[in-house]
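> Have a look at this one before I ask anything.
The values are calculated or read from the model by the stated rules, or taken from the named source; none is laboratory data. For clarity, every value in this text was computed on a predicted model and none was experimentally measured. Methodologically, a virtual Cβ is constructed for each residue, glycine included, from the backbone with ideal geometry; neighbour enumeration extends over all protein chains shown.
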Amino acid sequence: MSQNQVNFGEMNLPVRMTRNIGVSGTWGWNGLTGLGATLQYYISPHFGLDAGLGLALSGYKFSGRVRYLFLEKNFSPLIGVGYIYSTGFPGQLTDFEDEDGRTVTVEILPSSFIQIVGGIEFVVNGGFFMMANLGYAIQINDNVNYIAGSPSANFDRAMQIIYRNGIVFEISIGYIFGNKGKFKGKL
């Protein structure tokens, strides 16, 4: 029996067919959750769905993503596209001082992002799960509202890095649960 398959009665199946629902802790920059939890569900050995909930500098995050896994093996490269909604902190004003000593008052509003990633995923036959992604988050609506003050170009660039479009770096570690004999023989 191959290390990449699980013995399911008389059949040797890809691990994502015998283990199809999981939960993981997720951390990242412009990731699904910021810092939070993600639920994984495998439709097939090649397609996975993620739903995330977490907290980031831009507020609470709610997200979903579809992933395509290139291999049926325990280790697989992947690509994915997702949607992220961040609540922001409406009504909460924060004063920052820019490099020239000027005060800028900022409000972080709700925002939405489209996330495009590529990465790797590893699922052990026993259920341990690990995933790492790199990509880009594209902001749909602006969430930085300058209430008072005139931001410098460097200050605005810093706001761009922290709250707007940007590079995605994300790591998830968790467990994928077995489906307890409910496999119906269809791949």
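> Report every pair of residues separated by at least 6 positions or lying on different chains whose Cβ atoms are under 6 Å apart, first residue within region 54-76 and farther than 22 Å from W27 by Cβ, second assigned to a strand (DSSP E or B) and hydroxyl-bearing (S, T, Y).
F70/S76
> Listed residues N145, N133; which is out of contact with any Ser or Thr (no Cβ under 9 Å at 6 or more places or on another chain) and either over 25 Å from W27 (Cβ atoms) or not hydrophobic (A, V, I, L, M, F, W, C) (or both)?
So the residue among N145, N133 that is out of contact with any Ser or Thr (no Cβ under 9 Å at 6 or more places or on another chain) and either over 25 Å from W27 (Cβ atoms) or not hydrophobic (A, V, I, L, M, F, W, C) (or both) is N145.
> Do we have I140 as under 19 Å from the mean Cα position of the chain (by Cα) and either without any contact (Cβ under 8 Å) to a residue 40 or more places away in the chain or under 30 Å from R19 (Cα atoms) (or both) here? Steps first, answer last, please.
On the way: under 19 Å from the mean Cα position of the chain (by Cα): yes; either without any contact (Cβ under 8 Å) to a residue 40 or more places away in the chain or under 30 Å from R19 (Cα atoms) (or both): yes.
Yes; evaluated as a whole, the condition is true for this residue.
> For region 104-129, what are the residues that are more than 30 Å from D156 (Cα to Cα) and polar (S, T, N, Q)?
N125
> For V168, are the conditions met, namely being within 22 Å of L55 (Cα to Cα), touching an Asp or Glu at 6+ places or on another chain (Cβ under 9 Å) and either touching a residue at least 12 places away in the same chain (Cβ under 8 Å) or part of a strand (DSSP E or B) (or both)?
No; evaluated as a whole, the condition is false for this residue.
> I would also like to ask the following. Somewhere in region 134-145, is a residue within 18 Å of Q40 (Cβ to Cβ) and of a type outside the set (D, E)?
Checked region 134-145: at least one residue is within 18 Å of Q40 (Cβ to Cβ) and of a type outside the set (D, E).
> Oh, and also: Would you point out the residue of region 64-73, among those that are out of contact with any His (no Cβ under 7 Å at 6 or more places or on another chain) and crowded, with 19+ Cβ neighbours inside 10 Å, that is nearest to A51 (Cα to Cα)?
Filtering first and then ranking leaves R65.
> Still on this model: Would you check which residues across region 39-77 are among the charged types (D, E, K, R) and either part of a strand (DSSP E or B) or closer than 30 Å to S111 by Cα (or both) and list them? Walk me through it before giving the result.
Applying the first criterion (among the charged types (D, E, K, R)) to region 39-77 yields 50, 61, 65, 67, 72-73.
Those that are among the charged types (D, E, K, R) and either part of a strand (DSSP E or B) or closer than 30 Å to S111 by Cα (or both): D50, K61, R65, R67.
> Quick check on my filter: what residues within region 98-117 are of a type in the set (G, A, S) and under 20 Å from the mean Cα position of the chain (by Cα)?
S111, S112
> State which residue is farthest from N165 (Cα to Cα) when the search covers only region 1-32 and only residues that are among the small types (G, A, S) and at pLDDT below 85. Before you say what the answer is, go through the steps one by one.
First, the residues of region 1-32 that are among the small types (G, A, S): 2, 9, 22, 24-25, 28, 31.
Subset that is at pLDDT below 85: 2, 9.
Details: S2: 43, G9: 48 Å.
The qualifying residue farthest from N165 (Cα to Cα) is G9.
> Answer yes or no as to whether D95 is modelled with pLDDT under 95, assigned to a strand (DSSP E or B) and either more than 18 Å from S172 (Cβ to Cβ) or more than 13 Å from the chain's Cα centre (by Cα) (or both).
yes
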